[in-house]
Amino acid sequence: MKKLAAVTIILLQMFTYQTAQAEMFYVGAMYGQTQYETGVTALTGTATLDDETTSSKVLVGMNIGFGLMAEVYYADMGDVTFSANSGDTYTEAGVTETIVYDGLSTMSQYKAYGINAVYKLGFGIASVYAKAGMLHWESENTVQITSFGFKETTTTSGNEPLVGAGVEFTLLPLVSIRLDYELTKIDEDDVTNISAGVVVGF
């Protein structure tokens, strides 16, 4: 009976803690690394591709109750760059392409904002969570060929689903650290993001 009573008290304390948390709004800031799966491989010559970049995010959330939360956010998703010269080759979607210009470079810079539903399960000061939502992304794409002074910038955008999961550790009653993993698709590329940050309740 004593063991049962102790377990009951612990569960009640965890429920009370989560209920108290559910009455709060919170803000957060995250910093991490984003990987774009561009499908470009087998680069030769001077050709280079940088599809791994840093990212940052700010978010605002509301605890609805019983572990359920809603979050809105804005994210700088970094950039993807490619450069090559005449005669260099690369493979994309199984097709090998040959560059015909010297001084070719491309850069795509990505921004995004969205909304997620988050479900969190707490174990004392530690919590695990899963999330799903929608992301709107925008990119600024610049193509430059220095060998004859060409430069053009275009913009594209789209909407994609996002899923993720993570862990959160409470440092103080209103301050937590969060480790986060996300998976989505941007401009036809599979994108993964791993980040860490701080969440503050108010």
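Please treat every number below as a calculation from the coordinates, not as lab data. Please read all numbers here as calculations on a predicted model, not as lab measurements. Positions of Cβ are backbone-derived with ideal geometry, glycine not excepted, and every protein chain shown enters the neighbour counts.
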Stretchable slack from Glu140 to Lys185, in nm (0.36 nm times residue separation minus alpha-carbon distance) | 14.6 nm
When Kirkwood radius over Cα pairs in Å is calculated directly from the model, which label among (1) 25.0; (2) 18.4; (3) 19.3 fits?
-> (3)
Between Ile115 and Thr154, take the C-beta separation as r, use R0 = 22 Å, and let me know the FRET efficiency to the nearest 0.05.
-> 0.25
Among 41-50, 114-123, how do they line up from the highest to the lowest mean number of other beta-carbon atoms within 10 Å?
-> 114-123, 41-50
Computed, not fitted: 222 nm per-residue ellipticity of the chain from DSSP H runs ≥ 4 (each -39500 (n - 2.57)), nearest 500, equal to -3500 deg cm²/dmol
Post the alpha-carbon centroid distance, region 50-114 to region 134-181, in whole angstrom.
-> 6 Å
When the chain is fully extended, how far beyond the present Cα-Cα distance does Met62 get from Phe25, taking 0.36 nm per residue of separation?
-> 12.9 nm
Compute the distance in nm between two label points, each set 7 Å from the Cα along the Cα-to-Cβ direction, one at Phe123 and one at Tyr101.
-> 5.5 nm
